Each structure stands twice: as structure tokens, then as C-alpha cells.
Amino acid sequence: MDIFKLHRGTAPLLVSVPHDGTRLPADIASRLTDSARRTPDTDWHIARFYAFARDLGASMIVPLHSRYVVDVNRAEDDVSLYPGQNTTGLCPIVQFTGEPLYLKGGEPDEAEVRARVDRYWRPYHEALREELQRIRSRHGRAVLWEGHSIRGEVPFLFDGRLPDLNLGTAGGASCAPGLQARLERILAAQDDYDFVVNGRFKGGHITRYYGDPGNGIDAVQLEISQRVYMDEDSYAYDDPRAARAQALVRRLLEATLQPGEPACS
């Protein structure tokens, strides 16, 4: 269906990068503002950043379309993940700046939202779910790693400067305590990047929905400030900066592959 790309690996790890896509169907693009057609709220180059995960045997799923078409990291019912805070929805109508996405009168109605869910959202989730089940059946466990990135300062969404690395486990609910502790120790042992655990970004819908540590599925989200691996203004990938950050993220992914506590019965 030309909705996503899925690489099947051999390790008990699936890397999902739900906001890497940039495609805009013509009928949607024609109704967007000039700035929105540039899809500035993409998690730029994040699939490229995580390409090394395949060397670890990880599976990887990457959507092709922009989050402006439909945000696969939002719940199908579009319930806010952060009540009381500015955010964007299932089929967003504002950018991260608070500016409108659509030209006047171009916003999707409910029927169009449901059609986009069926066309783009549902296939991604079906593939993600099936791959997690395949991994768990093969290994007895699965780790879902949600790879995200965002500009380090977005006043519409959060105050001040976002830490370099933002680890989210839905407040500890989406992964085993032992795994979270291993990841925190790795972050605490380095001094190249500042970090926070379960801060402004605790994990989106995918982390919260699929994380089920009691049944052998751990889910972790890592939101990286884009200044860590790219130029935020030009959107240009910075190979030296990226390589430095990849070395640390590689250690985090390797830690997820270590045997953990047995799942609860």
C-alpha cells in the first residue's frame, strides 16, 4: 500500500520512527499553507540516525507520509496525551509554532479524518503489532523503541530549552523497572548530553499502548533534541554530531537486548 517500510531483523528489538515521513498527497498539500507544505515538524533524518540499529539485528518500521496527513503516534480517538498542555492531534490543524496548517476552510472534516485513519494509520499499526508478535513469539520477549526528535526550543509546546535526550516510559508503566534502570545508568554515566526521564515527553500513544512489560513487551521512547545531530535551521544532517550521539544511543539499544526479568504470569 506504499504506507510504510518494514525491515525484519533477528533480534528482540523493533525500532519505530513514526514521524520520519514527509509525503503529502496532492489533495491534502493543495489545502496547506506555504510553510506547512515544507513539513517543518518532521522528525528530520531520524530513520537515517537509527540506521545503525539494523547492525544490532533490530527490526525497523518507517512511515512514508507526514504526520500532517495523520499522526500514527496519536490514539485513534484523538484523546490528548498531555491534558492541559498545547499539543497537536491525530490529524493536526496547527503547526508546532501554533500557526495554522490549512488555508481557510481547508481543514479535514470528521469523515476525512476517519478515511485517513483507515488509509494510513491502521496499516502502520497492524504491521507494528504483527512484527511485535513475531518477535515475541521467536524470542519470548520484545522491545519496542520509539525514536523521535524535535527542535530544542518550541515555545508553543514547552517552556525553555528541552534537554538533549528525553527518555519516556509512561512514568515507568511501559517497560520493566530493570530495563529503565539500565538505561538511566548509561545516561548518568556520560557527560556529553543532558537528559531527563519521564519529563515533558513521557511517551506517545505507541509507547503507552503497546508497552506491556508483564506480558514480555517493553516500550521506550527517546525524544532527541535535533541540535544533537543536525542543524535545526537548515535541517541539514551533521555527520560528526550524529556519529557522536549514535555511539551513546547504540549503548542504550544494546542494553535493551540484555536479558531482563521474566514476565509476570
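The values are calculated or read from the model by the stated rules, or taken from the named source; none is laboratory data. Because the structure is a prediction, the values reported are computed rather than measured. Positions of Cβ are backbone-derived with ideal geometry, glycine not excepted, and every protein chain shown enters the neighbour counts. Only protein heavy atoms, including side chains, enter the accessible area calculation; ligands, DNA and RNA are left aside. Shrake-Rupley method; radii C 1.70, N 1.55, O 1.52, S 1.80 Å.
Scanning segment 164-188 for residues that are in contact with a Lys or Arg (Cβ under 9 Å, 6 or more places away or on another chain) and in a loop (DSSP other than H, G, I, E, B) turns up Asp164, Thr169, Ala173, Ser174. Of the numbered criteria (1) modelled with pLDDT of 95 or more; (2) open to solvent by less than 60 Å² (accessible area, probe 1.4 Å); (3) of a type in the set (Gly, Ala, Ser), the one Ala263 fails is (1).
Only one of Gly98, Gly105 is over 23 Å from Ala26 (Cα atoms) and over 19 Å from the mean Cα position of the chain (by Cα); which?
On the way: Gly105 fails: over 23 Å from Ala26 (Cα atoms).
The unique qualifying residue is Gly98.
Close Cβ contacts (under 6 Å, 6 or more residues apart or on different chains) running from residues in segment 138-165 that are more than 20 Å from Glu99 (Cα to Cα) and modelled with pLDDT of 95 or more to residues that are among the hydrophobic types (A, V, I, L, M, F, W, C) and in a loop (DSSP other than H, G, I, E, B) comprise Gly147/Val17.
Of everything in segment 62-77, what is in contact (Cβ under 8 Å) with a residue 60 or more places away in the chain and in contact with a helix residue (DSSP H, G or I) (Cβ under 6 Å, 6 or more places away or on another chain)? Give them in sequence order.
We begin by selecting, within segment 62-77, every residue in contact (Cβ under 8 Å) with a residue 60 or more places away in the chain; these are 63-65, 72-75.
Result: Pro63, His65, Val72, Asn73, Arg74, Ala75.
Of the listed requirements (1) open to solvent by less than 30 Å² (accessible area, probe 1.4 Å); (2) touching a residue at least 60 places away in the same chain (Cβ under 8 Å); (3) within 17 Å of Tyr210 (Cβ to Cβ), Cys175 misses just one: (2). Please determine whether any residue of segment 45-55 is among the acidic types (Asp, Glu) and either touching a residue at least 24 places away in the same chain (Cβ under 8 Å) or surrounded by 20 or more Cβ atoms within 10 Å (Cβ to Cβ) (or both). There is no residue in segment 45-55 that is among the acidic types (Asp, Glu) and either touching a residue at least 24 places away in the same chain (Cβ under 8 Å) or surrounded by 20 or more Cβ atoms within 10 Å (Cβ to Cβ) (or both).
Within the set Tyr229, Tyr237, Tyr193, Tyr210, the sole residue that is on the phi < 0 side of the Ramachandran plot, more than 19 Å from the chain's Cα centre (by Cα) and among the aromatic types (Phe, Trp, Tyr) turns out to be Tyr193.
Taking segment 205-247 as the range and being open to solvent by less than 60 Å² (accessible area, probe 1.4 Å), in a helix (DSSP H, G or I) and touching a residue at least 40 places away in the same chain (Cβ under 8 Å) as the test, the residues that pass are His205, Ile206, Thr207, Tyr210, Pro213, Gly214, Gln226, Arg227, Val228, Ala242, Ala245, Gln246.
Give me the residue from segment 89-122 that is of a type in the set (Phe, Trp, Tyr) and not in a loop (DSSP other than H, G, I, E, B) and, out of that set, surrounded by the fewest Cβ atoms within 10 Å (Cβ to Cβ). Break it down into steps so the answer makes sense when it comes.
Kept after step one, since they are of a type in the set (Phe, Trp, Tyr), are these residues of segment 89-122: 96, 102, 120-121.
Now narrow it down to the ones that are not in a loop (DSSP other than H, G, I, E, B): 102, 120-121.
On the way: Tyr102: 17, Tyr120: 24, Trp121: 25.
Per the criteria, the residue is Tyr102.
Taking the criterion of being crowded, with 23+ Cβ neighbours inside 10 Å, in contact with a strand residue (DSSP E or B) (Cβ under 8 Å, 6 or more places away or on another chain) and under 14 Å from Tyr210 (Cβ atoms), would at least one residue in segment 152-163 satisfy it? No, segment 152-163 has no match at all.
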